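Read the structure below first, then the notes.
The values are calculated or read from the model by the stated rules, or taken from the named source; none is laboratory data. Keep in mind that this is a model prediction, so the values were computed, not measured. Cβ sites come from the backbone with ideal geometry, for glycine too, and all protein chains shown count toward neighbours. These accessible areas exclude ligands, DNA and RNA; they are computed on the full protein's heavy atoms, side chains included. Shrake-Rupley method; radii C 1.70, N 1.55, O 1.52, S 1.80 Å.
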Amino acid sequence: MTKALRYLREETGFSAIWTAITAFLLVGIAALAVDVSGFYREATFEQSAADMTCLAGVRDLPQSTSDALDHAVAIARQNWVEMSTVPATINLVAKTATLDDSSGNSVTIVAGYGGDPTKMAVTVSQRTPTQFGKVLGAGDAQVTQVAYCKTQGLKLGDLPFGALPGGVFDGQLQTGDLCYNG
């Protein structure tokens, strides 16, 4: 009986168990870091696509909703390969255009956003697979970015001009702002 009690008190094998637990936690943290950085990369791409799409379409507002939606759809297709062959659903009554590849990737364009005929909103959503998260049971993630823009009368030779929020101050462009001049 003393041998059994002595065996239970010994710490042999404890370091192997502790090392296995620590290794599992470190792999999990590394997997999370790799996957989250991938999500940020995708979000940056999507935000750029949403900004370009919004600025391309808003220059035609408020004069022509159909031209605004057509230009926005064309830019969305040019800048997002997955959407290049997807048919667009354009609803002029609702002032919306949608591209959806039915695998979790979509672009939704709203002209006259919020009832303002000079505003446009573009939502870009993409299903992003996890790399290492699959090992831990995490599946795909849905990454969504939105761009809002508005036409501005800047008196730049009376050309249509679109600006993202914060892009105009007293009729002058601020350095570093992303704008589109038609």
Discussion item. Under 8 Å between Cβ atoms, which residue pairs at least 6 apart in sequence (or on different chains) link something in region 23-49 that is over 23 Å from Val124 (Cβ atoms) with a partner that is surrounded by 13 or more Cβ atoms within 10 Å (Cβ to Cβ) and of a type in the set (A, V, I, L, M)?
Written reply: Gly28/Leu136; Ala31/Leu136
Discussion item. Suppose we keep only residues that are in contact (Cβ under 8 Å) with a residue 40 or more places away in the chain and among the charged types (D, E, K, R) within region 50-67. Which one would you say is nearest to Gln131 (Cα to Cα)?
Written reply: Asp51
Worksheet item: From the set of residues in region 126-139 that are surrounded by 15 or more Cβ atoms within 10 Å (Cβ to Cβ), of a type outside the set (Val, Ile, Thr) and not in a loop (DSSP other than H, G, I, E, B), which is farthest from the chain's Cα centre (by Cα)?
Response: Gly133
Worksheet item: Which pairs do you get when a residue that is at positive phi, found in region 81-108, comes within reach of a residue that is small (Gly, Ala, Ser), reach meaning Cβ atoms under 7 angstrom, with the pair 6+ apart or on two chains?
Response: Lys95/Ala111; Lys95/Gly112
Discussion item. I'd like the residue in region 143-159 that is polar (S, T, N, Q) and modelled with pLDDT of 85 or more and, out of all such residues, is surrounded by the most Cβ atoms within 10 Å (Cβ to Cβ).
Written reply: Gln145
Worksheet item: Hey, among the residues in region 97-118 that are over 18 Å from Gln63 (Cβ atoms) and touching a strand residue (DSSP E or B) at 6+ places or on another chain (Cβ under 6 Å), which one's most open to solvent (accessible area, probe 1.4 Å)?
Response: Asp100
Discussion item. Checking the condition touching an Asp or Glu at 6+ places or on another chain (Cβ under 7 Å) and surrounded by fewer than 16 Cβ atoms within 10 Å (Cβ to Cβ), which residue from Asp67, Asp60 passes?
Written reply: Asp67
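Can you list the strands (runs of 3 or more DSSP E) lying wholly within region 31-125 that have 2 or more residues being of a type in the set (Val, Ile, Thr) and under 17 Å from Tyr148 (Cα atoms)?
Values: elements: 88-91, 96-100, 106-111.
Hits in region 31-125: 96-100, 106-111.
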Discussion item. Step by step: first the residues of region 31-53, then only those that are crowded, with 18+ Cβ neighbours inside 10 Å and among the aliphatic types (A, V, I, L, M), then the one that is farthest from Met83 (Cα to Cα). Which residue is that?
Written reply: Ala31
